[in-house]
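*Asks:* Could you have a look at this structure, given as structure tokens, before my questions?
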Amino acid sequence: MKKLFFLIAVAACLLPLSAGKLAAQYHTYDYITYDKHEVFLQYGAPTFQELSTQIRKVTIVARDGNKYVPDRFVYTGIAALGYNYYTSPYMSLGGYVGISAAMMEMAKTGTQTAVFKSSVLSITGLVTAHWIYYRTGMWELSAHAAAGITRWIDEQEMIVSGSSDISTDTRKWRFAYHLSPLRVRWGGSFGVFADIGLGYKGIANAGVSVRF
């Protein structure tokens with residue numbers, strides 16, 4: 001977490017400096033004609049939650065005091081709708097709302113027998129800052145940083161019939177973030193894009209956007 005805040009602080013310091021240099025890439029006429037609004041749809045996978053669960057095999061302590069780990073893990077990735085408002089031809093501020101789902105069968109540590117099933121729904125809202133650092137023709141390279149919250153809804157049910165209920169439903173808020181050093185967009189008013197990054201949008205994303 002300390003490394004994350006350090007990266008955000010560095011980005012916040014460099015942004016004003018890079019903005020001055022980027023301004024020189026645009027003709028004065030661009031400041032009159034540029035589109036101020038962008039609406040986009042995107043899909044990303046895997047998300048931070050999904051990847052960390054797979055790698056660490058997240059342990060859950062159930063009501064019976066025993067530890068359980070994912071025996072089978074299925075996830076949807078994250079589908080999202082977003083909006084950007086361009087304050088200049090190369091800078092924008094916006095918002096993002098995404099939803100993802102996952103299902104895990106939980107087995108007692110050291111066994112392969114699934115005891116209960118955990119269905120997770122995650123709804124993420126982010127505030128984003130986006131800047132374009134290269135543009136030529138229909139191609140555009142940019143980066144963005146985002147921060148917000150995730151609503152984590154975990155509903156569990158027993159798989160083994162006749163056994164005592166040891167599952168526990170969970171609903172909680174989590175801090176969410178995303179950092180992307182590379183986003184590639186091709187198009188004019190209508191465009192397609194893809195990006196890579198780290199955080200709650202998914203490591204790899206792709207989508208379509210409309211500017212007006």
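The values are calculated or read from the model by the stated rules, or taken from the named source; none is laboratory data. These figures come from a predicted structure and were not determined experimentally. In this analysis, Cβ positions are derived from the backbone assuming ideal geometry, glycine residues included, and neighbour counts consider all displayed protein chains.
*Asks:* May I ask you to list the residues in segment 38-63 that are hydrophobic (A, V, I, L, M, F, W, C) and modelled with pLDDT of 65 or more? Even if it seems obvious, please write down each step before you answer.
*Replies:* First pass over segment 38-63, keeping only residues hydrophobic (A, V, I, L, M, F, W, C): 39-41, 45, 48, 51, 55, 58, 60-62.
Listed by number, the residues that qualify are Val39, Phe40, Leu41, Ala45, Phe48, Leu51, Val58, Ile60, Val61, Ala62.
*Asks:* Can you tell me which residue in segment 164-179 is nearest to Tyr75 (Cα to Cα), limited to those that are surrounded by 19 or more Cβ atoms within 10 Å (Cβ to Cβ) and of a type in the set (Gly, Ala, Ser)?
*Replies:* Among them, the one singled out is Ala176.
Conditions tested, residue by residue: (1) modelled with pLDDT of 75 or more; (2) over 26 Å from Ile149 (Cα atoms).
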{"position": "Ile32", "(1), (2)": "no, yes"}
{"position": "Tyr68", "(1), (2)": "yes, yes"}
{"position": "Arg72", "(1), (2)": "yes, yes"}
{"position": "Gly94", "(1), (2)": "yes, no"}
{"position": "Gly98", "(1), (2)": "yes, no"}
{"position": "Val115", "(1), (2)": "yes, yes"}
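*Asks:* Among (1) buried (at least 18 other Cβ atoms within 10 Å of the Cβ); (2) farther than 28 Å from Lys67 by Cβ; (3) touching a Ser or Thr at 6+ places or on another chain (Cβ under 7 Å), which single condition is Leu126 missing?
*Replies:* Leu126 satisfies all of (1) buried (at least 18 other Cβ atoms within 10 Å of the Cβ); (2) farther than 28 Å from Lys67 by Cβ; (3) touching a Ser or Thr at 6+ places or on another chain (Cβ under 7 Å) except (3).
Condition check ((1) within 14 Å of the chain's Cα centre (by Cα); (2) under 25 Å from Arg171 (Cβ atoms)) across all residues:
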{"residue": "Thr33", "(1), (2)": "no, no"}
{"residue": "Pro46", "(1), (2)": "yes, yes"}
{"residue": "Phe116", "(1), (2)": "no, yes"}
{"residue": "Gly125", "(1), (2)": "yes, yes"}
{"residue": "Ile132", "(1), (2)": "no, no"}
{"residue": "Met138", "(1), (2)": "no, no"}
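*Asks:* Given the conditions (1) in contact with a Lys or Arg (Cβ under 7 Å, 6 or more places away or on another chain); (2) free of Cβ contacts under 8 Å to residues at least 12 places away in the same chain, and given that Thr111 satisfies all but one, which numbered condition is not satisfied?
*Replies:* If we test Thr111 against (1) in contact with a Lys or Arg (Cβ under 7 Å, 6 or more places away or on another chain); (2) free of Cβ contacts under 8 Å to residues at least 12 places away in the same chain, just (1) comes out false.
*Asks:* Just the residues that are over 30 Å from Ser209 (Cα atoms), assigned to a strand (DSSP E or B) and not β-branched (Val, Ile, Thr), please, taken from segment 108-162.
*Replies:* At the first step, the residues of segment 108-162 found to be over 30 Å from Ser209 (Cα atoms) are 108-119, 154-162.
Restricting the remaining residues to those that are assigned to a strand (DSSP E or B) gives 108, 114-119, 154-158.
Those that are over 30 Å from Ser209 (Cα atoms), assigned to a strand (DSSP E or B) and not β-branched (Val, Ile, Thr): Lys108, Ala114, Phe116, Lys117, Ser118, Ser119, Asp154, Glu155, Gln156, Glu157, Met158.
*Asks:* If you don't mind, another one. Could you tell me whether segment 180-200 includes any residue that is surrounded by 15 or more Cβ atoms within 10 Å (Cβ to Cβ), assigned to a loop (DSSP other than H, G, I, E, B) and not basic (Lys, Arg)?
*Replies:* Yes, segment 180-200 contains a residue that is surrounded by 15 or more Cβ atoms within 10 Å (Cβ to Cβ), assigned to a loop (DSSP other than H, G, I, E, B) and not basic (Lys, Arg).
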